[in-house]
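Q: Below are the structure tokens for one structure; questions will follow.
Taken together, the values in this text are just the output of simple stated rules run on the coordinates, not laboratory data. If you're wondering where the values come from, they're calculated on a predicted model, not measured in any experiment. Positions of Cβ are generated from backbone atoms using ideal geometry, with glycine treated the same way; all protein chains shown enter the neighbour counts.
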Amino acid sequence: VTVSAARVEAVVFDLYGTLLDLSGVEDAAAGIVPDPADLSARWRRAQLERTWLLTLMGGHEDFLAVTGAALDAVVGERGLELPPDAREELIAAWTRLDAHPDVPAALERLASRRLAVLTNATPAMAGASLGHAGLRDRVDPVLSVEAVGAFKPAPVVYGHAAGALGLPPGRLLMVSANPWDAAGAAAAGMAVAAVRRAPGAAPGGVVAADALLVSDLGELADALG
Ligand code: LAC
């Protein structure tokens, strides 16, 4: 679906990595493990792999449980020892992330449209993360995959957003810095803006050819006028 500003009735944001800066996870790991960059990158990858595998297998666990299990797997794989309070502190980092600096002003500029969140996180985890980042009042509704029991990029997740917003998918613009999430939204018929937050991070080869490519949400606000 080609992005046309006039057709976009609601903007749907991904949460982790798109609105919120995941470098806070690495910062939290800094006093705890010898190589925080390595741990945080492996942890994110393991977390996402677990979501994909669960959904492919027709199973489901909530995203907080997935996040904890992924941490345990990586800690085991790296031969690290993690005291229980350090484990809790690392997991809590997911609800203590800062917004990317461009986000508050861009959400204000976009506020004439419906601004929603669609996330893998549970409603409680998403609410805590948005609250800590000062964004809780800027977005409504906050939609969670828990409503459908499957993770992104399953089509049913994006269908849930369209249903909840009462709009056809083509009237929704999914905004994500996760290229596989942008691809999933496009495959489900949504218009897509892929945010390239870090060199090499996005967009990957699978992003829809007609996705709008932006380097931050200020550029998105420019594009939507
Ligand atoms: C989310 C994951 C993809 O917020 O970061 O849905």
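Q: With +1 on the Cβ of every Lys and Arg and -1 on the Cβ of every Asp and Glu, and nothing else charged, how large is the dipole of region 129-196 about its Cα centre, in debye rounded to the nearest 20? Walk me through the intermediate numbers first.
A: Numbers: 5 positive and 4 negative charges, 31 e Å.
Using Cβ point charges on Lys, Arg, Asp and Glu, region 129-196 gives about 160 debye.
Q: If you don't mind, there's one more thing I want to ask. Three principal axis extents, largest first, for the C-alpha atoms of region 100-182, in Å?
A: So the three principal-axis extents are 31, 27, 24 Å.
Q: Filter the chymotrypsin sites (Phe, Trp or Tyr not before Pro) in region 27-63 to those in DSSP coil with at most 14 other Cβ atoms within 10 Å of their Cβ, and list the result.
A: Values: sites: Trp43, Trp52, Phe63; in loops: none.
Those that pass, being in a loop and sparsely packed, number zero.
Q: Over the alpha-carbon set of the chain, work out the extent along each principal axis and list the three values in angstrom, largest first.
A: Principal axes ranked by extent give 53, 37, 32 Å for the Cα atoms.
Q: Restricting to bridges with both residues inside the chain, how much of the DSSP beta-bridge set is antiparallel, in percent to the nearest 5? Intermediate values should be presented prior to the final figure.
A: Numbers: 1 of 20 bridges.
Percentage antiparallel, nearest 5: 5.
Q: Mind listing the phi-derived Karplus ³J(HN,Hα) values for region 16-21, rounded to whole Hz, using 6.51, -1.76 and 1.60 with θ = phi - 60°, and x for any glycine or proline?
A: Values, residue by residue: 7, x, 9, 7, 9, 8 Hz.
Q: Okay, moving on. Taking a spot 7 Å from the Cα of Ala164 along the direction of its beta carbon, which residues of region 44-85 have an amide N less than 17 Å from it?
A: 61-64
Q: Right, something else. In region 65-191, with Lys and Arg counted as +1 and Asp and Glu as -1 at Cβ, which of these residues, Pro123, Val148, Ala161, has the Cα nearest the positive end of the dipole, that is, farthest along it?
A: So the residue furthest toward the plus end is Ala161.
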